[in-house]
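Enquirer: Please see the structure below; I have some questions.
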Amino acid sequence: MNNEVKFAVIPCAGKGTRFLPITKGVPKEMLNIVDKPTLDYIVDEVISAGITNIVFIVNDEKEDIKKYYERNLALENDLIEHDKKEYADLIKHIATKANYFYVTQKEQLGLGHAVLQAKEIIGNNNFVVCCGDDITLFDKVSPIKTLIDAFNKTNATIVGGQKVEHKYINRYGCMDIEEDLGNGLFALKGIVEKPDLDKAPSDYGSLGKWILKSNIFDELEHTKKGKGGEIQLTDAIASLMKKEKVYYQVFEGCRYDCGDKFGFLKAVIDTSLANNEIREELINYIKNLKI
């Protein structure tokens, strides 16, 4: 099997309950951060790591995702006719910067079940999984590239994440560390999903990025429903650990949980402050707020 990581799987079938009522009409992945949807920040990170085959796991109500990533020749031609070629080029680039695949998840049975839906498209290839509402802003090397480098060193499943404040570790898959291998790479002896604070084996959390081999599909097919009555990806990885080594890689960058209202708001503010077009006006506005 080729050791190259050729595909990305981005689960986008969730209902976005925490953002109701807006998510009744707009997928949470399509909520905009400045001038592009949350999902497109993830797509761009995937592409920056050299991956151009992207599989979206959607439900029947996520047509807006397909609409955003498909060509719209009528709109492109209209923009060109009105001397707005730069915008025509922009929307064409969005549709052509990667190869997009769509798989419908008929039942909402958890992240593991969502990943399993990509089995036919992925085949025997290695792939990265990125949660559809987690974005990371980075300066140079993308987090996914860091995880791919770790995968190339180990030829093993990689769980990506960062150290979190202890009081928040019960929100995540928590790493049970076997050995510190340096440069943010750890060999694992276990993963505890959302542990009680007094039972957490570390403060290293799984934060929405994994490099997986195709053998994860066998584990997922035999994984029973876990917490929340869902098929958990963490449970499948824990099962895999009984057969082979699994590693954890810390990635750099500022990560935002955009499925959380405050996390989304932080992403909007920080992205705006990094945007040269609006940065100065925003800073002046904030300075003049009467709080």
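The values are calculated or read from the model by the stated rules, or taken from the named source; none is laboratory data. Just so you know, these numbers come straight off a predicted model, no measurement behind them. Note: ideal-geometry Cβ built from the backbone for every residue, glycine included; neighbour counts use all protein chains shown. All accessible areas refer to the heavy atoms of the entire protein, side chains included, with ligands and DNA or RNA removed. Shrake-Rupley method; radii C 1.70, N 1.55, O 1.52, S 1.80 Å.
Enquirer: Per 0.36 nm of contour for each residue apart, how much would the distance between Ile121 and Glu70 grow if the chain were fully extended, relative to their Cα-Cα spacing?
Expert: Details: separation 51, 0.36 × 51 = 18.36 nm, distance 1.91 nm.
Once the chain is fully extended between Ile121 and Glu70, it gains 16.5 nm.
Enquirer: Could I ask something else about it? Give me D for the range 167-250 in µm² s⁻¹, whole number, from Stokes-Einstein with Rh from the Kirkwood sum over alpha-carbon pairs, 37 °C and 0.692 mPa s.
Expert: Numbers: Rh = 13.3 Å.
D = 247 µm²/s.
Enquirer: Alpha carbons only, please: Rg and Dmax for the range 216-291, in angstrom.
Expert: Calculated on Cα positions, Rg and Dmax stand at 20.8, 59 Å.
Enquirer: Please give the calculated 222 nm ellipticity per residue for the chain, where each DSSP H segment of at least 4 residues contributes -39500 (n - 2.57) and the sum is spread over every residue; nearest 500 deg cm²/dmol? List each step's numbers first, then the result.
Expert: Numbers: 11 runs with 98 residues, N = 291.
The helix contribution divided over the chain gives -9500 deg cm²/dmol.
Enquirer: So how much slack lies between Leu273 and Lys36, counting 0.36 nm per residue of separation and subtracting their Cα-Cα distance, in nm?
Expert: Values: separation 237, 0.36 × 237 = 85.32 nm, distance 1.51 nm.
Computed gain between Leu273 and Lys36 is 83.8 nm.
Enquirer: Along each of its three principal axes, how wide is the spread of alpha-carbon positions in the range 48-205, in whole angstrom units, largest first?
Expert: That works out to 63, 38, 35 Å along the principal axes.
Enquirer: Using the structure shown, select from Lys28/Lys119; Lys36/Lys261; Lys67/Lys225 the pairs with a Cα to Cα distance greater than 28 angstrom. Intermediate values should be presented prior to the final figure.
Expert: Details: Lys28/Lys119 25 Å; Lys36/Lys261 17 Å; Lys67/Lys225 33 Å.
Checking Cα-Cα distances, Lys67/Lys225 exceed 28 Å.
Enquirer: In square angstrom, what is the accessible area per residue of the chain with a 1.4 angstrom probe?
Expert: On the way: 15340 Å² over 291 residues.
I get 53 Å² per residue for this part.
Enquirer: Principal axis extents for the chain, Cα atoms only, whole Å, descending order, please.
Expert: So the extents along the principal axes, rounded to whole Å, are 61, 49, 37.
Enquirer: Below 8 Å, C-alpha to C-alpha, sequence gap of six or more: please give me the relative contact order for the chain in percent.
Expert: Numbers: 529 pairs, mean separation 64.2, N = 291.
Computed over the chain, the figure is 22 percent.
Enquirer: In nm, to one decimal, how far is the modelled label at Asp83 from the one at Cys254, with both set 7 Å along Cα→Cβ?
Expert: 3.8
Enquirer: Now for a separate question. Quick one: if the Förster radius is 25 Å, what FRET efficiency do Leu137 and Lys290 give, using the C-beta to C-beta distance and rounding to 0.05?
Expert: In this case the efficiency is close to 0.30.
Enquirer: I want to verify a result. In a Gaussian network model of the chain, Cα cutoff 10 Å, which of these has the top mean-square fluctuation: Gly16, Gly132, Gly228?
Expert: Residue with maximal mean-square fluctuation among Gly16, Gly132, Gly228: Gly228.
Enquirer: First compute the accessible area of the chain with a 1.4 Å probe, then give the percent of it belonging to carbon and sulfur atoms. Write down the numbers at each step before the final one.
Expert: Values: 7380 of 15340 Å².
Of the solvent-accessible surface of the chain, carbon and sulfur hold 48 percent.
Enquirer: When the chain is modelled as a GNM with alpha-carbon springs shorter than 10 Å, which of Asn215, Asn53, Asn126 fluctuates the most?
Expert: Evaluated over the chain, the most mobile residue of the options is Asn215.
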